[in-house]
């Protein structure tokens with residue numbers, strides 16, 4: 001059976017079960033209504049919220065605000081994390097210090113940075129960006145380091161045999177060969193950055209723009225579960241699109257290029 005058909009059928013069945021359990025199918029005689037709307041809203045309420053707030057521009061504006069913060073913080077995390085990962089792979093002293101610190105901080109939930117960010121930067125865009133950077137940086141650093149350590153040593157030896165300097169070998173031989181692993185780390189860093197930003201937006205109210213996290217928080221405060229679930233759908237959709245459009249194709253292409261794909 002076609003994979004797309006299987007996928008579509010699975011999600012349609014889930015929505016039908018959801019609709020049946022929340023009273024949305026009462027018109028055809030199925031009315032379980034297991035929960036009140038403020039606990040679990042019906043699909044019609046969620047889709048109506050998404051439609052109305054997409055038409056009036058609230059959701060598109062929130063998406064733009066959130067994605068702007070995400071891209072800026074994620075880019076800064078990449079610019080810092082990749083060179084530090086290269087240094088950690090190249091020098092044992094950096095690995096024993098910065099590498100160990102990165103390993104510990106990666107295990108720290110991103111929400112733990114929010115109180116510090118609020119104290120250091122106040123209720124500002126800088127606080128949000130700081131949390132996103134901390135969510136991205138350590139994952140990218142470790143993936144770059146691990147990727148470069150997994151490159152077959154013969155690549156570097158062949159480059160040095162042909163007269164390449166250590167710097168040239170590191171930047172133009174080892175780093176490109178480790179790109180499949182680095183991109184995997186970038187995808188993981190994107191996921192961490194996304195989660196970090198949602199946690200930060202829930203706790204940090206910035207007057208310069210309300211993002212998806214703030215709308216999620218206000219939905220909880222006002223007990224608008226249709227808003228909470230609607231925003232959750234949007235967050236999931238953006239994550240899936242980023243993976244399917246950007247990271248997965250790039251990762252597969254690099255694995256094929258370097259002969260590391262699984263066949």
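Data table
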read-out: Yes/no for residue 150 being under 20 Å from residue 103 (Cβ atoms) and loosely packed, with under 14 Cβ neighbours inside 10 Å; value: yes
read-out: Enumeration of residues in segment 4-29 that are assigned to a loop (DSSP other than H, G, I, E, B) and surrounded by 14 or more Cβ atoms within 10 Å (Cβ to Cβ); value: 22, 23, 24, 25
read-out: Some residue of segment 71-85 being in contact with a helix residue (DSSP H, G or I) (Cβ under 8 Å, 6 or more places away or on another chain), in contact (Cβ under 8 Å) with a residue 24 or more places away in the chain and either within 17 Å of residue 206 (Cβ to Cβ) or outside the structural domain of residue 195 (by TED's automatic domain parsing) (or both); value: yes
read-out: Residue 27, sole failed condition from (1) at pLDDT 85 or above; (2) over 30 Å from residue 183 (Cβ atoms); (3) more than 25 Å from the chain's Cα centre (by Cα); value: (1)
read-out: Any chance residue 189 is within 29 Å of residue 36 (Cβ to Cβ) and either touching a strand residue (DSSP E or B) at 6+ places or on another chain (Cβ under 7 Å) or crowded, with 18+ Cβ neighbours inside 10 Å (or both); value: no
read-out: Candidate set from segment 34-63 (those that are in a loop (DSSP other than H, G, I, E, B) and loosely packed, with under 14 Cβ neighbours inside 10 Å); member that is modelled with the lowest pLDDT; value: 34
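The values are calculated or read from the model by the stated rules, or taken from the named source; none is laboratory data. Treat the numbers as computed from the prediction; the structure is a model and nothing was measured. We place every Cβ from the backbone using ideal geometry, glycine too, and count neighbours over all the protein chains shown.
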